Amino acid sequence: MRVRLSKAAQSDLKAQINWLVERSPKAAETASRRLFDAIGLLTDFPRLGFKADNSVRESPVRFGRDGFVIRYQIRPKEIFVSRIFHSRQDRR
């Protein structure tokens, strides 16, 4: 099964990494690797995350004290990642 990121998720990912690059390029590299690894895991383990709503799942990604959250849906032919948040970020 393939993973597809929404435009919002792509923007989220870029914003999270860019924010870290300004503060610590090494941390940004580690976060980027962990996020891409977690997204890749969804192809083999789509139910890795927990149910957050009827059709929405969330998968936590460990990073530092707080980490990130990948919000996604399992669709018939793909995993659709709708958002990527820092775990302390407002998720609306």
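The values are calculated or read from the model by the stated rules, or taken from the named source; none is laboratory data. Computed from a predicted model, the values in this text were never measured in an experiment. For neighbour counting, all protein chains shown are included, and Cβ atoms are generated from backbone atoms with ideal geometry for every residue, glycine included. The protein model used for the area step is the full one, side chains on, heavy atoms only, and it has no ligands, DNA or RNA in it. Shrake-Rupley method; radii C 1.70, N 1.55, O 1.52, S 1.80 Å.
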*Scan F68, F45, F50, F36 and give me the residue that is open to solvent by less than 90 Å² (accessible area, probe 1.4 Å) and aromatic (F, W, Y).*
F68
*Check whether at least one residue in the range 53-62 is out of contact with any helix residue (DSSP H, G or I) (no Cβ under 9 Å at 6 or more places or on another chain), in contact (Cβ under 8 Å) with a residue 40 or more places away in the chain, surrounded by 14 or more Cβ atoms within 10 Å (Cβ to Cβ) and acidic (D, E), and report yes or no.*
no
*asked:* Can you confirm whether L20 is open to solvent by less than 80 Å² (accessible area, probe 1.4 Å) and not in a strand (DSSP E or B)?
replied: yes
*Being closer than 16 Å to L20 by Cβ and of a type outside the set (A, V, I, L, M) is the filter here, so list the residues in the range 43-92 that pass it.*
R62, F63, G64, R65, D66, G67, F68, F85, H86, S87, R88, Q89
*Tell me which of these E78 doesn't satisfy, since it passes every other one: (1) under 15 Å from the mean Cα position of the chain (by Cα); (2) surrounded by 11 or more Cβ atoms within 10 Å (Cβ to Cβ); (3) at pLDDT 95 or above.*
(1)
